[in-house]
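Peer 1: Attaching a single structure in structure tokens format; questions to follow.
The values are calculated or read from the model by the stated rules, or taken from the named source; none is laboratory data. Predicted, not measured: the structure shown is a model, and the values here were computed from it. Cβ sites come from the backbone with ideal geometry, for glycine too, and all protein chains shown count toward neighbours.
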Amino acid sequence: MRDKYYFISDVHLGIRSSKEFNKFQELLLIDFLNEIQSDAKELFIIGDLFDCWIEYKRVVPKGYYKLFTKISELTEAGIKITYFAGNHDFWRGKYFKEEFGIEIEHKGKSLEIDGKKFFLNHGDGLAYNDTGYRILKKILRSPVSQKLYSLLHPDFGIWLATSSSASSREYTSKKDWSDKDGLRDFALNKLNEGYDYVVMGHRHLPIVIEKNIQKYYINLGDWIRNFTYGLFEDGNFRLMKYYDYDLKKVVNMEYKKQNDKKE
């Protein structure tokens, strides 16, 4: 019976120079998709499935054939997939829509699942001390900028985007984000508005914070080190760990809730 909702974020396929890790990462994700295929009603990809994705009218980045085959199987089996654009894979044309029937969401979205009110968003641009990125985001996502970029040869354009993605990640890893967590504060404000769950990614930090009774902010973590995912069934949301990178073995256990004061 297809009655479960799955959530993943920040897989960052192709993130490392190691071909072995990149192949392992892709095959592990395919293994996860194989497992959920029998009971998933919907899969939400909350941004940054790829470390860099940029597509032209007739050209997309090479590779990922096995993953795309699996995604096609899921959609043909009637599993709905919703893809939220992240800061590493926001540059999307019509490829996913035309090939797989997958809708791309470029902003946060409200929806109701089994009577619970959700707000979903990748989370980029919500951190404090991030004004520069918010300005850059508007520039890069403008139709004019993307039209001009499309004039570049695909080989050069994809190489440039990949290089910029790596530089951006190095910069943000050293950035002072302030003592406050902008994503957390944004999520708690949304819960005050009446949402039951706010689900985001971007921080690569798996966490569950309960505000009041049965109102939660969930950050899904990543598939670089944590390999975590969200599962919503029977009116309850759980943050799960699919693979333990340190133990080098597959696991499927509930992720420990973070201790946090209710507000």
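Peer 1: In region 104-118, which residue that is part of a strand (DSSP E or B) and under 14 Å from the mean Cα position of the chain (by Cα) is nearest to Gln214 (Cα to Cα)?
Peer 2: Residues of region 104-118 that are part of a strand (DSSP E or B), as a first pass: 104-105, 109-113, 116-118.
Narrowing the set further to residues that are under 14 Å from the mean Cα position of the chain (by Cα) leaves 104-105, 109.
Working: Ile104: 29, Glu105: 27, Lys109: 20 Å.
Among those residues, the one meeting the criterion is Lys109.
Peer 1: Of the conditions (1) of a type outside the set (A, V, I, L, M); (2) farther than 18 Å from Ile8 by Cα; (3) surrounded by 12 or more Cβ atoms within 10 Å (Cβ to Cβ); (4) at pLDDT below 95, His204 fails just one. Which one is it?
Peer 2: Of (1) of a type outside the set (A, V, I, L, M); (2) farther than 18 Å from Ile8 by Cα; (3) surrounded by 12 or more Cβ atoms within 10 Å (Cβ to Cβ); (4) at pLDDT below 95, only one is false for His204: (2).
Peer 1: Only one of (1) closer than 21 Å to Asn121 by Cβ; (2) polar (S, T, N, Q); (3) at pLDDT below 95 fails for Ser17. Which number is that?
Peer 2: All conditions are met except number (1).
Peer 1: Identify all residues within region 190-212 that are touching a helix residue (DSSP H, G or I) at 6+ places or on another chain (Cβ under 8 Å) and among the basic types (Lys, Arg); write none if there are none.
Peer 2: Of everything in region 190-212, those that are touching a helix residue (DSSP H, G or I) at 6+ places or on another chain (Cβ under 8 Å) and among the basic types (Lys, Arg) turn out to be Arg203, Lys211.
Peer 1: Moving on. Criterion first (exposed (fewer than 11 other Cβ atoms within 10 Å of the Cβ) and at pLDDT below 85) does Lys137 satisfy it? If you could, list the steps in order and put the result at the bottom.
Peer 2: Values: exposed (fewer than 11 other Cβ atoms within 10 Å of the Cβ): no; at pLDDT below 85: yes.
Considered against the rule, which asks whether it is exposed (fewer than 11 other Cβ atoms within 10 Å of the Cβ) and at pLDDT below 85, Lys137 comes out as no.
Peer 1: Is one or more of the residues making up region 46-62 over 30 Å from Tyr197 (Cα atoms) and within 17 Å of the chain's Cα centre (by Cα)?
Peer 2: Taking region 46-62 and keeping what is over 30 Å from Tyr197 (Cα atoms), we get 54-62.
Now narrow it down to the ones that are within 17 Å of the chain's Cα centre (by Cα): 54.
So far as region 46-62 goes, yes, one or more of its residues are over 30 Å from Tyr197 (Cα atoms) and within 17 Å of the chain's Cα centre (by Cα).
Peer 1: Name the residues in region 197-215 that are over 20 Å from the mean Cα position of the chain (by Cα) and charged (D, E, K, R), would you? Show your work before the answer.
Peer 2: First pass over region 197-215, keeping only residues over 20 Å from the mean Cα position of the chain (by Cα): 210-215.
Glu210, Lys211, Lys215 - these are the residues of region 197-215 that are over 20 Å from the mean Cα position of the chain (by Cα) and charged (D, E, K, R).
Peer 1: So, one more: Tally up the residues in region 83-113 that are exposed (fewer than 13 other Cβ atoms within 10 Å of the Cβ), of a type in the set (Lys, Arg) and modelled with pLDDT of 85 or more, please.
Peer 2: So the answer is 1.
Peer 1: Lys70 versus (1) touching a residue at least 12 places away in the same chain (Cβ under 8 Å); (2) assigned to a loop (DSSP other than H, G, I, E, B): which is the lone unmet condition?
Peer 2: For Lys70, the exception is condition (2).
Peer 1: To continue, here is another question. Any chance region 80-89 includes a residue that's in a strand (DSSP E or B) and more than 25 Å from Pro206 (Cα to Cα)?
Peer 2: Step one: list which residues in region 80-89 are in a strand (DSSP E or B), which gives 80-84.
Still in the list and also more than 25 Å from Pro206 (Cα to Cα): none.
Checked region 80-89: no residue is in a strand (DSSP E or B) and more than 25 Å from Pro206 (Cα to Cα).
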